[in-house]
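Let me begin by presenting the structure, written as structure tokens, before commenting on it.
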Amino acid sequence: MIHGHEVLRMMEGNSYASAEELIAAIDAKFGADARFHTCSASDMDAASLVAFFEAKGKFKPTDGGFTMDRGKVCKDY
């Protein structure tokens with residue numbers, strides 16, 4: 001199982017036009033069958049992880065979509 005922080009690290013310096021684009025990038029990097037966990041959730045696929053991060057306010061808007069919000073990432077990042 002992969003920690004969600006790995007996805008946030010992957011996002012740093014990149015922006016994504018949609019959640020679907022981010023999910024495709026996660027699948028490309030970690031594999032479509034990858035499972036993720038965070039400090040407070042576990043056994044998520046890429047779509048569930050993106051929805052979890054979105055609900056937690058981990059993304060910030062950019063001109064072309066969104067990226068990770070470094071100020072909203074827990075200290076263990």
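The values are calculated or read from the model by the stated rules, or taken from the named source; none is laboratory data. Keep in mind it's a predicted model, so treat the numbers as computed, not measured. Every residue, glycine as well, gets a Cβ built from its backbone with ideal geometry; the counts of neighbours run over all protein chains shown. SASA here: full protein model, heavy atoms, side chains in, ligands and nucleic acids out. Shrake-Rupley method; radii C 1.70, N 1.55, O 1.52, S 1.80 Å.
The simple spin-label model puts a point 7 Å past each Cα toward its Cβ; for Met1 and Asp33 those points are separated by 1.8 nm. Put a dot 7 Å past the Cα of Lys60, heading toward its Cβ, do the same for Ala17, and the two dots end up 2.4 nm apart.
Taking a sphere under 15 Å around the Cβ of Ala55 and counting the other residues whose Cβ falls inside, with K and R at +1 and D and E at -1, yields a net charge of +2.
Remark: the chain carries a charge dipole of roughly 360 debye about the Cα centre, counting +1 on each Lys and Arg Cβ and -1 on each Asp and Glu Cβ.
When the solvent-accessible area of region 24-77 is split by element, carbon and sulfur atoms take up 47 percent of it, the probe being 1.4 Å. Quick check for you: with a 1.4 Å probe and neighbouring chains kept, what is the accessible area per residue of the chain, in Å²? Heavy-atom accessible area per residue stands at 57 Å². Compared with the alpha-carbon gap, the fully stretched path from Ala25 to Asp43 is longer by 4.6 nm at 0.36 nm per residue.
How much of the calculated P(r) for the chain lies past 17 Å, in percent of all Cα pairs? The calculated P(r) of the chain puts 36 percent of pairs beyond 17 Å.
For the chain, the mean residue ellipticity at 222 nm estimated from helices alone is -11500 deg cm²/dmol, where every DSSP H run of n ≥ 4 contributes -39500 (n - 2.57) and the total is divided by all residues, rounded to the nearest 500. Measuring with a 1.4 angstrom probe and ignoring ligands and nucleic acids, Arg70 comes out at about 130 Å² accessible.
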